[in-house]
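The block underneath contains the structure these notes are about, expressed in structure tokens.
The values are calculated or read from the model by the stated rules, or taken from the named source; none is laboratory data. Just so you know, these numbers come straight off a predicted model, no measurement behind them. Reconstructed Cβ throughout: ideal geometry from the backbone, glycine too, with neighbour counts over all protein chains shown.
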Amino acid sequence: MKKLLSVLACSTILFAAPSMAKTVRLASDFTYPPFNYMDASGNPAGFDIEIADALCQEAKLECTWVSQSWDSLIPALMAHKSDVIMASMRITEERKKRVLFTDKYYQTPARFVANSEQKLVISKEGLKDKVIGVQTGTIHDRYVTDMFGDVADIKRYAGQDEVYIDMQNGRLDATFGNSDQLALAFLDKEIGEGFEFVGEAVTDKAYIGEGTALALRQKDKALAEKFNQAIEAIRANGTYDKIASKYFTFDIYGEEL
């Protein structure tokens with residue numbers, strides 16, 4: 001990452017317009033593998049991270065990472081503690097009132113996961129008195145709260161990785177999140193043995209949104225456009241697919257839910 005930032009710094013000096021010459025601070029919570037997390041050396045890693053690095057390189061921007069909790073990402077952006085949120089944040093109408101989203105860089109449905117022996121039914125009756133774990137402040141939190149908060153116990157966590165530990169230890173009956181992340185970070189791992197997807201995929205855009213994008217302050221339209229152009233460019237030149245193939249065996253971009 002440091003080597004890449006050094007290269008990007010040189011590119012910025014040579015090519016960037018004066019208004020874009022400052023370092024762009026990208027914010028993430030780093031609790032969402034394989035999208036964003038800290039590797040064994042304590043460096044940012046994952047699909048989001050590599051896509052962001054590629055976008056910054058394409059846009060000739062000098063970029064650096066800052067770590068913030070998920071529920072503080074938008075407040076910190078508004079307080080100018082970061083410039084861009086790059087943390088698998090879904091585009092929703094509610095969030096559009098506060099931030100400016102770029103074009104999407106991936107799109108997937110959401111699903112429930114539970115122990116296969118439970119034979120859990122996703123309904124008001126089926127989830128009555130059940131404990132559902134979600135990452136706090138996410139669209140998944142809002143969905144289960146709105147749909148089942150009156151019958152189930154919603155337990156909220158700072159990071160999705162904490163949810164998986166409590167799933168394995170039997171403290172939760174179910175979790176709800178992005179289907180791809182649930183599969184790759186839990187079901188396909190030893191920790192997720194004995195668990196499975198239950199119920200139908202949820203694609204309601206009122207909750208699930210219109211895709212996943214970078215988020216900026218409303219006034220930063222020029223910077224957002226630079227990222228939009230970069231997204232289009234890495235999709236066209238093969239960089240996006242090269243990065244995606246390292247993490248996924250399916251089309252993560254998704255044309256439409």
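Is the range 241-249 home to any residue that is more than 16 Å from the chain's Cα centre (by Cα), at pLDDT below 95 and more than 30 Å from V131 (Cβ to Cβ)?
yes
Conditions first: (1) under 26 Å from T203 (Cα atoms); (2) part of a loop (DSSP other than H, G, I, E, B). L214 passes all but one, so which condition is the exception?
(2)
What residue, of E210, E200, E196, is within 16 Å of the chain's Cα centre (by Cα) and farther than 14 Å from G133 by Cβ? Don't jump to the end; show me each part of the working.
Details: E200 fails: within 16 Å of the chain's Cα centre (by Cα); E196 fails: within 16 Å of the chain's Cα centre (by Cα).
None of the other options fit; the residue is E210.
Does the range 186-206 contain any residue that is outside any helix (DSSP H, G or I), in the same structural domain as F148 (by TED's automatic domain parsing) and in contact with an Asp or Glu (Cβ under 8 Å, 6 or more places away or on another chain)?
yes
Of all residues in the range 81-97, which are of a type outside the set (S, T, Y), touching a residue at least 60 places away in the same chain (Cβ under 8 Å) and either in a loop (DSSP other than H, G, I, E, B) or at positive phi (or both)?
Hits for the range 81-97 are D83, I91.
Please enumerate the residues belonging to the range 120-134 that are more than 10 Å from E196 (Cβ to Cβ) and part of a loop (DSSP other than H, G, I, E, B). Can you show your working first?
So in the range 120-134, the residues more than 10 Å from E196 (Cβ to Cβ) come out as 121-134.
Matches in the range 120-134: V121, I122, S123, K124, E125, G126, L127, K128, D129, K130.
Please specify each residue of the range 149-182 satisfying the condition of being assigned to a helix (DSSP H, G or I) and at pLDDT below 95. Don't jump to the end; show me each part of the working.
Going through the range 149-182, the residues assigned to a helix (DSSP H, G or I) turn out to be 160-168, 179-182.
Correct list: Q160, D161, S179, D180, Q181.
So which of Y240, Y157, Y164 ends up being among the aromatic types (F, W, Y), touching a residue at least 60 places away in the same chain (Cβ under 8 Å) and either under 19 Å from F35 (Cα atoms) or surrounded by 14 or more Cβ atoms within 10 Å (Cβ to Cβ) (or both)?
Y240
Just checking, which of K221, K205 is touching a Leu at 6+ places or on another chain (Cβ under 8 Å) and surrounded by fewer than 13 Cβ atoms within 10 Å (Cβ to Cβ)?
Result of the check over K221, K205: K221.
Rundown of residues vs (1) in the same structural domain as S88 (by TED's automatic domain parsing); (2) at pLDDT below 95; (3) over 17 Å from the mean Cα position of the chain (by Cα), yes/no style:
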residue	(1), (2), (3)
A16	yes, yes, yes
A21	yes, yes, yes
V24	yes, no, yes
T31	yes, yes, no
G46	yes, no, no
I49	yes, no, no
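In the range 50-71, which residues are of a type outside the set (A, V, I, L, M, F, W, C), free of Cβ contacts under 8 Å to residues at least 60 places away in the same chain and over 11 Å from A87 (Cβ atoms)?
Residues satisfying the conditions are D53, Q57, K60, E62, T64.
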